[in-house]
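To keep things clear, I will list the structure first and then write my remarks on it.
A short reminder: the numbers here are calculations on the coordinates, not readings from a lab. As the structure is a computational prediction, the values presented were derived from the model and not from experiment. Quick reminder, even Gly has a Cβ in these numbers, built from the backbone with ideal geometry, and neighbours come from all protein chains shown.
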Amino acid sequence: MLQLEFTVEPFVEGIPGPHVTAAVTAAQAVGAQVEFGPFGSTCTASSDSMPLVIAELVRAAFANGATHVTMHVAEVHVAEGAA
């Protein structure tokens, strides 16, 4: 599994604009599990699907007014038997 941490700007605390919500929705639409945070969000997806998650997230963010998208991707290990 891979974990993506991302921030979509412009950033306005407490008021996620359409550029943020569209990016989150796009990631979820291709199977990512998103945890929406106050300053940034994270999502997990398989290594096979993460490139699609990133592509759709970036496409939706910029199509809806984003000026900058920051990302960090890391491998995460899921304990055997964990969901």
* Structure fact -> Filtering the range 14-35 down to residues that are among the β-branched types (Val, Ile, Thr) and either touching a Pro at 6+ places or on another chain (Cβ under 7 Å) or assigned to a helix (DSSP H, G or I) (or both) yields 20, 21, 24, 25
* Structure fact -> Among residues of the range 54-70 being β-branched (Val, Ile, Thr) and free of Cβ contacts under 8 Å to residues at least 60 places away in the same chain, the residue surrounded by the fewest Cβ atoms within 10 Å (Cβ to Cβ) is 67
* Search result, residues across the range 36-83 that are out of contact with any helix residue (DSSP H, G or I) (no Cβ under 7 Å at 6 or more places or on another chain), acidic (Asp, Glu) and not in a strand (DSSP E or B) -> 48, 80
* **From 5, 9, residue being under 20 Å from residue 75 (Cα atoms), acidic (Asp, Glu), surrounded by 12 or more Cβ atoms within 10 Å (Cβ to Cβ) and touching a strand residue (DSSP E or B) at 6+ places or on another chain (Cβ under 7 Å)** => 5
* Looking at residue 11, is it out of contact with any Asp or Glu (no Cβ under 9 Å at 6 or more places or on another chain), among the aromatic types (Phe, Trp, Tyr) and assigned to a loop (DSSP other than H, G, I, E, B)? -> yes
* Here are some residues: 17, 31. Which one is in contact with a Ser or Thr (Cβ under 7 Å, 6 or more places away or on another chain), of a type in the set (Gly, Ala, Ser) and surrounded by fewer than 20 Cβ atoms within 10 Å (Cβ to Cβ)? -> 31
